[in-house]
Amino acid sequence: MARIAEQELERLKAEVSVEQLVRAQGIELAKSGRDWRGRCPFHEDSTPSLVITPAKNLWHCFGCGTGGGPVDWAMKAGGISFRHAVELLREGIPSLAAKAGTKNATVRALEAPVSASADDAALLSQVVDYYHQTLKAAPEAIAYLEKRGIAGAVEHFKLGYANRTLGLRLPYKNREAGEAIRSRLQSVGVIRESGHEHLNGCVVFPWFDKAGNVAGLYGRKTRDDLRAGTAYHLYLPGPRCGVFNADGVRGQKEVIVCEAIIDALTFWCAGFTNVTAAFGVNGFTDDHVELFKSSGIERVIIAFDRDAAGDAGAVKLAERLMAEGFGCYRLKLPHGLDANEYALKVTPAAKSLGTLIRSAEWLGNGKAPARAVAAVLESAPTLAAKKEVEPASAPTLPATEGSPCGAAMEPVVPVLSPKGTSFGADIACEVSESEIVFTFGVVRYRVRGFDAKASGALKVNVLASSGEWFHVDTLDLYHAKARANYIARAAAELRVKEDAVKADLGRVLLKLEMLQVQGDAPVSSQDMSAEDKRAALDLLSVPDLLARIVSDFDACGVVGEETNKLVGYLAAVSRKLDAPLAVVVQSSSAAGKSSLMDAVLAFVPEEERIKYSAMTGQSLFYMGETNLKHKVLAICEEEGASRAAYALKLLQSDGELTIASTGKDAETGNLVTQEYRVEGPVSIMLTTTAIEIDEELLNRCLILTVDEGREQTEAIHRLQRQKRTLEGLKLKAQKERVLNVHRNAQRLLKPLAVVNPYADQLTFLSDRTRTRRDHEKYLTLIDTIALLHQVQREVKTVQHAGEALEYIEVTLADIEAANRIVHEVLGRSLDELPPVTRRVLEAIVDAVKAKPLPRESVRFSRREVRAWTGQSDTQARAHLERLVELEYLLTHRGRRGQSFEYELIYDGDGSDSAHLAGLIDTTTIGSSRGEIGSSRGKGSEFAGSTRPQNGPISAPSRGAENPANADGIRPSANKRVSGAKTHIQREKNSGLVVPSPEGTSFGAYSYEART
């Protein structure tokens, strides 16, 4: 409900006499000092108990205890509502009751503003007239329109205000006349079944047909603090018809189409009268199309809001208009803003909106004007320089006749940014890494702290100086109060006019917004210089490209970690595939996992990588605006993404995320279920210090373990010292050039399909279910290596279902390179021991072997393990507990009774996981692609080590073909002991094995087979 202004109530209390209201009801009053006394009409009053105090314009009854001012008397005397009483007093009707003292007084009716005999068209016109008069007498509604900057449209568009007084002026619904008129108003949608006004509390925007009849009404609530679920945007019930501001469209060659009527009025008030509005993002009707065709419209500028709904609606509308033969443009407002918000933030609106119109993005189709500008300024960050370019195919809009964009304004030379936007391009500035400098006449503005990636805010530090005078402050340029305060203070300090500073600050704002748009734009291969493109192609053409990548990592100051660097680089490149690789970098604290990930990310183009320190549980589901498709998503610590782990797993497996959530409808404001969707694929990179990684995450990712050995530490120390030398300075200068070449090379890579003609001959372990996902990682790694070499391969084309499919083929060299990598990476991933724990075991094995005692006689403490491995006590304790649990070590009570000693019962060399058995030898693949042999001789189809696979021991097979022995017990069976003990116990119970001190060792017990 619309509130009655406080000043209006105060006026009625002061101007309407309570004494006159009481006398008008026939109540006799007698003087009693300064007051008047009479009999109260609200109860049986034998002695006068009603007192009126003219000095305060109040009344009070000592008999029934009621009292108040003129509004309270009108409510009590007439038995009417507060608003009805106010309306009666506004009309100056003193006779509120025909007979004083009656219980049901007959209130004099207000004059009805509508006629029951009028037809529907006339009835709506009468309603619009009444709302229009109501608006003129409603300061709160005028204030709302002024706040939105559209108060100048009140008379021309006959804007109105629905404040619930229409119903008060109608005959009572229990009367025949009241029932008739209310039914008529309900039939046209002005009144609801409940009897309330449909547009109550709204500023009302009507539009008219060619005959001048009301075609529809739109209402916008003036208050934004209503209860949850309240609709702020309302239309009359039924289908939308007609076109808003149709008269402004007729006779024009181009038209601006806004999402909402308030946005359209913003353009109209700024001088762009050739504007209309759709009724919401999906509210463009056939009436609009018919009007455009009959008016000879050639070009349509779509000025929908810059949010998800507005962008989707603009695309849909453009498709429809282009199908009808209209040329289409998209007005590029800053993200998150609509036209009205932008015009209020960037003043004067005539200039800011005019600049946006001239730089609108060409979408295509229809009749387009010829482009007149052939030379444009070079895009950021070096905006001051000029460069000759070829005329662009996208046309620019001519100035609208009769608008502020016409000849009266200075011409603007547009700068075509990668996204096609160019507002603010006519403003010269000097851009450096730390600051942006503007010079307007005698005043110089230095801007620092500008963030091109920020959205929704433009907080900067601005120093304004003129000679020896200056003013400096930090402010958000989108904040009107902060901007006004800065303008006033700067003008006073610099001894210049406020209007001059205001104009200068507007230019600064426009330019910074343009730089933000350009900062968001991805760099494409067309934006590279010929020299950069040639260097990138030379890199991609290197015969031994993988070795070159490793050497370039070294040149950038990343020592060691050859396999990890290469796998990280390939995982980043795999983002261009439909199913990219994911990587988890694992190490103890301070070992360099973050440095490794940062080094890999440095080779990825800035616009194709996104890095976060942490993520909340549902943050990924609402990242549609960020656009993760074919990008690298890096999270510094796996623990920081623990709440988002479920979403990360889904994104990696399914390639997309969807969630249903409750939100407000854009048109009605009602709560509705909305679907949010985030498209992949995306390559995910994480780092973690955890020894145990979540099994679900482990299955989906490649695990890279940082080298924590002494030699690697010494190499890092050498590099750190080298950075302080002259050679280090040269290395730093060379690093950025190397990274730039790789970033450009990755930009040149196309997301081509990869076909593997050898896929049906490849082999892989199948002894456990998790290899189903590991096999897919192996194949994806092969595809990534082939994709990286696409410049060196023939791009083939095949016709299928009427469509040309482009692809490149995998070579044997790609498979061989992948085999070398997965032996280490997947070999460690399939190990039951985490890589760090495996290295601890290797150190223990080496130390025990060095002892001049039999292995079973060697005992060692946790302190000795710390000395052998360089681990902290916490780390050593965790690794020893895992080795004891998996029965690689046996625990003994120490000599002092309170300590523990360990015995090594594992009889391997500790490095069982360094090789992945089961991969085919590429030399065995014949030219016919059907002959499979072996590099080790006839009869074996696998390349690589012949040692047993490191996996769970399956149920014993007693067949002679078992390579271990007839009873199925293999040597070194203490590997995967947890899976083997059950089988041993089963054989022991059946009498097939018996304990023996010389048998195969399993934990603390030994068994031998009974023949």
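The values are calculated or read from the model by the stated rules, or taken from the named source; none is laboratory data. These numbers were taken from a predicted model, which means no experiment stands behind them. FYI the Cβ positions are ideal-geometry reconstructions off the backbone, even for glycines, and counts take in every protein chain you see.
Close contacts from the range 734-750, counting a first residue that is touching a residue at least 24 places away in the same chain (Cβ under 8 Å) and a second that is part of a helix (DSSP H, G or I) and acidic (Asp, Glu), with Cβ to Cβ under 6 Å and a gap of 6+ residues or different chains, come to 738/552; 744/532. Considering the range 58-71, the residues that are assigned to a strand (DSSP E or B) and of a type in the set (Gly, Ala, Ser) include one that is surrounded by the fewest Cβ atoms within 10 Å (Cβ to Cβ), namely 68. Screening 55, 14, 74 for residues that are outside the structural domain of residue 138 (by TED's automatic domain parsing), surrounded by 18 or more Cβ atoms within 10 Å (Cβ to Cβ) and either touching a residue at least 12 places away in the same chain (Cβ under 8 Å) or part of a loop (DSSP other than H, G, I, E, B) (or both) leaves exactly one candidate, 74. Filtered by the rule that a residue be touching a residue at least 12 places away in the same chain (Cβ under 8 Å), over 30 Å from residue 684 (Cβ atoms) and not in a helix (DSSP H, G or I), the range 698-733 gives a lone residue, 723. For the range 787-822, the tally of residues that are farther than 25 Å from residue 924 by Cβ and of a type in the set (Ser, Thr, Tyr) stands at 2. Scanning the range 197-214 for residues that are surrounded by 12 or more Cβ atoms within 10 Å (Cβ to Cβ), at negative phi and in a loop (DSSP other than H, G, I, E, B) returns 198, 199, 200, 209, 210, 213.
Scanning the range 846-863 for residues that are out of contact with any helix residue (DSSP H, G or I) (no Cβ under 8 Å at 6 or more places or on another chain) and either among the β-branched types (Val, Ile, Thr) or closer than 16 Å to residue 892 by Cα (or both), we see that the one that is surrounded by the fewest Cβ atoms within 10 Å (Cβ to Cβ) is 857.
Within the range 798-817, is there a residue that is among the acidic types (Asp, Glu), within 29 Å of residue 747 (Cα to Cα) and in contact with a helix residue (DSSP H, G or I) (Cβ under 6 Å, 6 or more places away or on another chain)? Checking the range 798-817: at least one residue is among the acidic types (Asp, Glu), within 29 Å of residue 747 (Cα to Cα) and in contact with a helix residue (DSSP H, G or I) (Cβ under 6 Å, 6 or more places away or on another chain). Just one residue in the set 887, 901 is crowded, with 16+ Cβ neighbours inside 10 Å, charged (D, E, K, R) and at pLDDT below 85; that residue is 887. Hey, could you check the range 443-483 for residues that are among the hydroxyl-bearing types (Ser, Thr, Tyr) and in a strand (DSSP E or B) and say which is surrounded by the fewest Cβ atoms within 10 Å (Cβ to Cβ)? Within the range 443-483, the match that is surrounded by the fewest Cβ atoms within 10 Å (Cβ to Cβ) is 474.
Scanning the range 292-312 for residues being over 19 Å from the mean Cα position of the chain (by Cα) and of a type in the set (Gly, Ala, Ser) gives a total of 4.
Residues that are β-branched (Val, Ile, Thr) and within 40 Å of the chain's Cα centre (by Cα): does the range 720-734 have at least one?
no
Okay, residues lined up against (1) modelled with pLDDT of 95 or more; (2) not assigned by TED's automatic domain parsing to the domain that holds residue 317:
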| residue | (1), (2) |
| --- | --- |
| 240 | no, yes |
| 253 | no, no |
| 258 | yes, no |
| 261 | yes, no |
| 270 | no, no |
| 273 | no, no |
| 277 | yes, no |
| 283 | no, no |
| 286 | no, no |
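Sub-7 Å Cβ pairs linking a first residue in the range 113-132 that is at negative phi to a second residue that is of a type in the set (Lys, Arg) and part of a helix (DSSP H, G or I), at least 6 apart or interchain, are 113/169; 116/184; 123/184, ordered by first then second residue. Within the range 779-805, restricting attention to residues that are at pLDDT below 90 and in contact with a strand residue (DSSP E or B) (Cβ under 7 Å, 6 or more places away or on another chain), the residue that is surrounded by the fewest Cβ atoms within 10 Å (Cβ to Cβ) is 804. Touching a residue at least 40 places away in the same chain (Cβ under 8 Å), surrounded by fewer than 23 Cβ atoms within 10 Å (Cβ to Cβ) and not in a helix (DSSP H, G or I): does that describe residue 313? No; evaluated as a whole, the condition is false for this residue.
All conditions in (1) of a type in the set (A, V, I, L, M); (2) touching a helix residue (DSSP H, G or I) at 6+ places or on another chain (Cβ under 6 Å); (3) assigned to a helix (DSSP H, G or I); (4) modelled with pLDDT under 85 hold for residue 558, with the sole exception of (3). Suppose we keep only residues that are modelled with pLDDT of 85 or more and either in the same structural domain as residue 346 (by TED's automatic domain parsing) or surrounded by 14 or more Cβ atoms within 10 Å (Cβ to Cβ) (or both) within the range 511-536. Which one would you say is farthest from the chain's Cα centre (by Cα)? Only one residue fits best here, namely 535.
Yes or no, residue by residue, for (1) small (Gly, Ala, Ser); (2) in contact (Cβ under 8 Å) with a residue 24 or more places away in the chain; (3) over 23 Å from residue 736 (Cα atoms); (4) surrounded by fewer than 23 Cβ atoms within 10 Å (Cβ to Cβ):
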site	(1), (2), (3), (4)
554	no, no, no, yes
566	no, yes, no, yes
583	no, yes, yes, no
588	yes, yes, yes, yes
594	yes, yes, no, yes
600	no, yes, no, no
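Scoring residue 813 on the criteria (1) under 16 Å from residue 573 (Cβ atoms); (2) assigned to a helix (DSSP H, G or I); (3) modelled with pLDDT of 90 or more leaves a single failure, condition (1).
Against the list (1) among the aromatic types (Phe, Trp, Tyr); (2) surrounded by fewer than 16 Cβ atoms within 10 Å (Cβ to Cβ); (3) in a helix (DSSP H, G or I), the condition residue 486 fails is (2).
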